[in-house]
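Engineer: Take this structure, written in structure tokens, and hold onto it; I'll ask about it next.
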Amino acid sequence: MMKRSCLNIALLATSLCLALPARAEPTRDAVMQGAERCEGIPDNRVWLDCFYGSAQPMRVLLGLSPAPVAQTFFTDDEMKRLLANVQGGTASVLKASGANGAKTGTAEVVSNGKVITNGWMVGYRGDVAFAVVVEGGASGSKAAGPILKNFLARFK
């Protein structure tokens, strides 16, 4: 449960970073993209908790209190996918670092009429959660990955 809590904190931190008014505001499309991670969850209660958790960026934007922890946790299958992502997916740059799971992605923002892509990566190793957002980073694996690899190499 500690791993899930740490990862939830990292994901919420990333959501907060991406939801700051000076940066991009989360849109309904962004919330729906977050809800995609709930696809394939057979249990209706677990699916609903996941779906509510995907609304966190919009809750922050609207000044609402965060959803209860029960609505933001990861299922066992999701935890396995995070590990598989490190072992051979977009977060494989962290494979030798001992990371237990990670997720990469991008967030597009508009600044002065120009679309800018920001790369991000979140994950955990043991009871330590991490999140990095690189403004102007082309992708999470290429921009945030090397930063986290360096961090985890120094943090034993």
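The values are calculated or read from the model by the stated rules, or taken from the named source; none is laboratory data. All values derive from a computational prediction rather than experimental measurement. Here the Cβ is made from the backbone with ideal geometry for all residues, glycine too, and neighbour counts use every protein chain on show.
Engineer: When the residues of the range 108-136 are narrowed to those that are touching a residue at least 24 places away in the same chain (Cβ under 8 Å) and of a type in the set (Gly, Ala, Ser), which ends up nearest to Arg28 (Cα to Cα)?
Structural biologist: The selected residue is Gly119.
Engineer: Just to be sure, is Phe151 at pLDDT 85 or above, assigned to a helix (DSSP H, G or I), of a type outside the set (Val, Ile, Thr) and more than 12 Å from the chain's Cα centre (by Cα)? Steps first, answer last, please.
Structural biologist: Numbers: at pLDDT 85 or above: yes; assigned to a helix (DSSP H, G or I): yes; of a type outside the set (Val, Ile, Thr): yes; more than 12 Å from the chain's Cα centre (by Cα): yes.
Criteria met by Phe151.
Engineer: Given the condition of a type outside the set (Gly, Ala, Ser), under 22 Å from Glu36 (Cα atoms) and out of contact with any Gly (no Cβ under 9 Å at 6 or more places or on another chain), answer yes or no: does some residue in the range 118-135 qualify?
Structural biologist: Looking through the range 118-135, none of the residues is of a type outside the set (Gly, Ala, Ser), under 22 Å from Glu36 (Cα atoms) and out of contact with any Gly (no Cβ under 9 Å at 6 or more places or on another chain).
Engineer: Could I ask something else about it? State which residue is modelled with the highest pLDDT when the search covers only the range 15-64 and only residues that are under 27 Å from Gly113 (Cα atoms) and hydroxyl-bearing (Ser, Thr, Tyr).
Structural biologist: Filtering the range 15-64 for residues that are under 27 Å from Gly113 (Cα atoms) and hydroxyl-bearing (Ser, Thr, Tyr), the one modelled with the highest pLDDT comes out as Thr27.
Engineer: Counting residues that are surrounded by fewer than 17 Cβ atoms within 10 Å (Cβ to Cβ) and not β-branched (Val, Ile, Thr), which strands (runs of 3 or more DSSP E) fully inside the range 34-137 reach at least 2?
Structural biologist: 101-111
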